[in-house]
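Below you'll find the structure, written out as structure tokens, and then a few comments.
Read the figures in this text as sums done on the coordinates, not as results from a lab. Model, not experiment: these values are computed from the prediction.
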């Protein structure tokens, strides 16, 4: 089997043996791969997760929480290739068509916008589901653990999604790369540079409460050339109920090199004349 087929077997069919094979391929051993998993957990600042194997079956010292798993899902959702795998409903090409897989995540059929992630079941954990749904500009993530009823992890997840989409909306305030202002540049080939938010800016808000939100742009007073594209120049504050909810970095839109001696001299004379 190819690496991609291994990943499909994991994502669609919960293939625990494929988890171990992929771990060994990437890190040389499952133990080394688990070390990478736990390092990622540490990097994300998660306090209630510790892995001891690559597939998630019960083991001493192996644990997580719904919150921590949701954060891990948020990281995974940044990778389009990962969502491409977890949104596959059927895969019937393994071993020349001899092995046919149907995705265990039934929300792919039952709930519009679902494109991840994974089901789980053991005697100890009961029925579990980590999932994500995107509708328009809003992506929600839901982690449901320990449901005793067959299919209950799907039912409870859909209830939570219904509540989330009914009560919240994503407000796109600034598009990625959109110019939100400009700064004066001294001693450069240009007098001003555009200011942008490279990743854009937005906020999740309860529906009907937009009036409680405002934005404030805080910039440096001026820049001196040379200026490089991406240089930090300020921040955009998203303020909700009078409190800063988020700070979005603002950067220079383009390079501006230092002006020649003669250009700067001419500019000085024009300033004096005016």
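Below, the figures for the structure above:
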item: Choice from 207, 106, 243 with maximal GNM fluctuation in the chain (Cα, 10 Å cutoff); result: 243
item: Region 158-238, Rg to Rh (Cα coordinates; Rh as Kirkwood inverse mean 1/r); result: 1.17
item: The chain: relative contact order in percent, alpha carbon pairs under 8 Å with at least 6 residues between; result: 11
item: Pairs of alpha carbons in region 3-170 whose separation is greater than 25 Å (percent); result: 32
item: Percent breakdown of C-alpha pair distances by 10 Å bin, ordered from the shortest bin, for region 105-200; result: 14, 31, 19, 13, 11, 8, 3, 0
item: Helix axis angle, 66-76 relative to the chain longest principal axis, alpha carbon, degrees; result: 60
item: Computed Kirkwood radius, in angstrom, where 1/r is averaged over Cα pairs of region 101-143; result: 11.1
item: MRE, 222 nm, helices only [DSSP H, n ≥ 4, -39500 (n - 2.57), over the chain, to nearest 500]; result: -9500 deg cm²/dmol
item: Between 0 and 90°, nearest 10: helix 30-43 axis offset from the chain longest Cα axis; result: 40
